[in-house]
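As structure tokens, the structure follows; a few thoughts come after it.
The values are calculated or read from the model by the stated rules, or taken from the named source; none is laboratory data. The structure presented is a predicted model; accordingly, all values stated were derived computationally and were not measured. Here the Cβ is made from the backbone with ideal geometry for all residues, glycine too, and neighbour counts use every protein chain on show. The accessibility values were calculated without ligands, DNA or RNA, using every heavy atom of the protein model including side chains. Shrake-Rupley method; radii C 1.70, N 1.55, O 1.52, S 1.80 Å.
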Amino acid sequence: ARQGKTVNELVPVDLARTAERAWRTVDTGDASLDAPDGSVTVDADPERLRTLLENLFTNSVEHGSTGNRTESGDSVVHGTTSSRATPDGSVEHGSTDDAAVTVTVGALPEGFYVADDGAGFDAGVDPDEAMNYGVSSDPHGTGFGLAIVREIAAAHGWTLAVDDADGARFEFRDDG
């Protein structure tokens, strides 16, 4: 993402199928995914959309629990070409609390959203600031995950709005 890679050709992408594929590459622990029905499509570069979703899912699982959080590793960055999580911790392990998070992916007019019912952003972390490289509430985190999400959204020409009033919600709209 930092090398300025743009998106490839935009094609209609099944949002549910892409979300489910991305979900399988993230260690989600006890978290659950609520994906839209198969009628929701997004004009996107399929692989870049998958990467965006992987980063958001990882963020939700790592930071979304309302109880004690599992200590994360150093790799919210899903810039690899692999489609599988690796056992060395390259994808953080989800919370094992009894307060497992539910991540919802859904349609918006001219776009889509990814939301979780977790704790939202930590106190003292501004959601807009969290989208910058190097910003993380986790002392062991890289602060790359949400910055990559922002870069992928920009490469698609999408506007990105973040809300943390009730969990975390990321809205992507094609205003063009």
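Here are the numbers:
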| item | result |
| --- | --- |
| Test: residue in the stretch 34-41 that is without any contact (Cβ under 8 Å) to a residue 24 or more places away in the chain and not small (Gly, Ala, Ser) | yes |
| Residue count for the stretch 1-32, restricted to those that are open to solvent by less than 40 Å² (accessible area, probe 1.4 Å) and either polar (S, T, N, Q) or touching a strand residue (DSSP E or B) at 6+ places or on another chain (Cβ under 7 Å) (or both) | 9 |
| Unmet requirement for Thr6, which otherwise passes all of (1) under 19 Å from Gly120 (Cα atoms); (2) not in a helix (DSSP H, G or I) | (1) |
| Looking only at the stretch 33-54, and only at residues there that are in a strand (DSSP E or B) and touching a helix residue (DSSP H, G or I) at 6+ places or on another chain (Cβ under 9 Å), the one that is surrounded by the most Cβ atoms within 10 Å (Cβ to Cβ) | Ala44 |
